[in-house]
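Heads up, the thing below is written out as structure tokens.
The values are calculated or read from the model by the stated rules, or taken from the named source; none is laboratory data. This structure is a prediction, so every number in the text was calculated from the model and none was measured. With ideal geometry, Cβ positions are generated from the backbone for all residues, glycine too; neighbour counts draw on all protein chains shown. Accessible surface areas use protein heavy atoms only, side chains included; no ligands, DNA or RNA. Shrake-Rupley method; radii C 1.70, N 1.55, O 1.52, S 1.80 Å.
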Amino acid sequence: MKRSQLLLLLIPVLISCVKELDFNNLDDLEYRGQWVLPIINADLTLGDVVAGDSTFTADPDGGIRIIFEEDSIFGASIAELVAIPDQEKQEIPFVAGSPPVILEFELGTLGSGEQLKKIELSKGLLKWTLDNPVANPVQYELAILNATLNGDTAKFILSANTMGIDTGSIDISGLDFDLTQGSLGYNNLKYRTQILNDGGAPVGTSYKSTVQLVNIVLDEANGYFGDRSVNLPSLTQNTNISGFENILNGLKIENPTIALKIVGNVGLPFEVETDMDGINKKGNILPLVISPINYNSPVNQGDWDTSRLTINRGNSNIVDFISNVPDKIAFAGKLHLNPNGNTGTDNFITQDGEMYVGVKIDIPLEIKTKDLIVEQLIPEFDLDFDEEQTNAIEKLKMHFKVTNGFPFDANLRLEFMDIVDDGVGNITAIVTDSVNVDLLTSAVVDASGRVLTPTVSRSEIVFDQTNIQNLLEADRLNIRVTFNSYNNGNDLVKLYTNDFINVIAGIDVKLKVKL
């Protein structure tokens, strides 16, 4: 008999039974049903992550690494590497009727053993005073015999118009000094003075005068620049290592490197001592302990030199430094000029001379990790269920089927939290309940740590009535995933762009609804 015919036969029977039903007990009637719904079918490969984040890069074989590079974290100018302070005032005597007088002085330096042979000024002033003892104007010439301006010996006319002390200053920008003419062979200033107009003073009349070189800025310099230290400016640089923002502990990058390079056309060997502090998002600071890097300098003017220092696990604490997951790196340091002293080879520098220090942080994702924790807190969690809807759910299960092409095990823990206010301004979050599931089983890796065979695992989270009630009443939800690399964190694994994961998840809900 067809189903439709059977239904037609049953209808009269059912109608005849209606008068026997007792609707007074309707509240005791319940519907208990079970629904199974697919909710997730997702695929992810690390190639997708690399393509969407400029912090990551892929090697030709697909190996993934994090690169942070900055060509110039700090540098130094000619004024910082070699400088001439304001000179002491030099007494220049004049006597009426006397022949020209030649005087020699030693150039004042910073006191670090500088032995300058040639300098060219881009800026500078010659300040002078002249005490005129007579009523008529006087005039004399000051020549700097070992300095030239436009190829001629530097000569300056100093005048005092009336009796008393007159002062002035002369721009000496562009003067080119040969400081080797004295007995020392360096740091020599050689002056010649002669009276041009004595104002009619008697023979033997003395005129007091001083000269002083100030505000000197060098355009070029040659010689020995001394053995001293120069502080470098400090700065803080963001690393943008966004891929590890939520990592709390357990990460061990096995082979990170930091390459420092010094590039310059400055003929001045020096040693760079760098202070690098890694600062993570929680404010934890960890210094990087490294050896100084030596810049040997080019031999010939116009040439460039690049000196490098590679920092690795063998010569530093870089593994711990990177494991601190620095969100920022604070740089500072100093230059130690001529660390080997005066070797007999002259230093040189020009106004267009450059020196800068660059850094490259290279983190290949070769990882050995045990109990690495990734957390995500949902601070304002509210499913917005009313009491009647809450009571309607009798049991809930989440089913997972995971095809894992990553070399990690993963355990998932959901923590339900309530906010408690003690009434005096102290607010705390208390975990009221939690559920756990072993979510992933690591893929099998080969001897080099690369995934060889993915694994398939099935798991489920069961929420009983108490779990459901605590979940729906929670103010916050904390998602905590604990990772271990292959072989319980004892083996080194490598991440590649073709590593993948497929997650299929469903929800199994048992309802209890009053009719």
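Sort 321-331, 451-461, 296-306 by the packing proxy (mean of other Cβ within 10 Å over each peptide's residues), most packed first. Before the final figure, lay out the partial values.
Values: 321-331: 20.9, 451-461: 14.8, 296-306: 12.8.
Most protected by this proxy first, the peptides run 321-331, 451-461, 296-306.
Can you tell me the accessible area per residue over region 286-434, all protein chains present, probe 1.4 angstrom, in square angstrom?
Working: 7550 Å² over 149 residues.
About 51 Å² of surface per residue is accessible.
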### Alpha-carbon centroids, region 411-468 and region 85-118: separation in whole Å
80 Å
### Coordinate range along principal axes, alpha carbons of region 407-465, Å, largest first
59, 30, 8
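Which value, in Å to one decimal place, does the Kirkwood hydrodynamic radius take for region 467-515 when every pair of different Cα atoms is included?
Final number for the Kirkwood radius of region 467-515 is 16.1 Å.
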## Note on the structure
Along the dipole axis of region 97-141 (charges at Cβ: +1 for Lys and Arg, -1 for Asp and Glu; origin at the Cα centre), the most positive-end residue among 122, 135, 105 is 122
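Could you calculate the contour length gain from residue 163 to residue 42, that is, 0.36 nm times the residue separation minus the distance between their Cα atoms, to one decimal place in nm? Show your work: numbers first, answer last.
On the way: separation 121, 0.36 × 121 = 43.56 nm, distance 9.78 nm.
Difference between extended and current length: 33.8 nm.
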### Query
Taking a temperature of 25 °C and a viscosity of 0.890 mPa s, what whole-number D in µm²/s does Stokes-Einstein yield for the chain with Rh from Kirkwood over alpha carbon pairs?
79 µm²/s
### Task
Mind checking the full-extension length gain between residue 462 and residue 59? Use 0.36 nm per residue of separation minus the Cα-Cα distance, one decimal, nm.
140.8 nm
#### Entry: Student exercise, the chain dipole from Lys, Arg, Asp, Glu Cβ charges, in Debye to nearest 20
840 debye
### Per residue convex hull volume, Cα atoms of region 282-414, in Å³
228 Å³
### Query
When the accessible area of the chain is computed with all protein chains present and a 1.4 Å probe, what percentage of it is carbon and sulfur?
49 percent
### Task
Before rounding to the nearest 500, sum -39500 (n - 2.57) across all DSSP H runs of length at least 4 in the chain and divide by the residue total; then give [θ] at 222 nm in deg cm²/dmol.
-2500 deg cm²/dmol
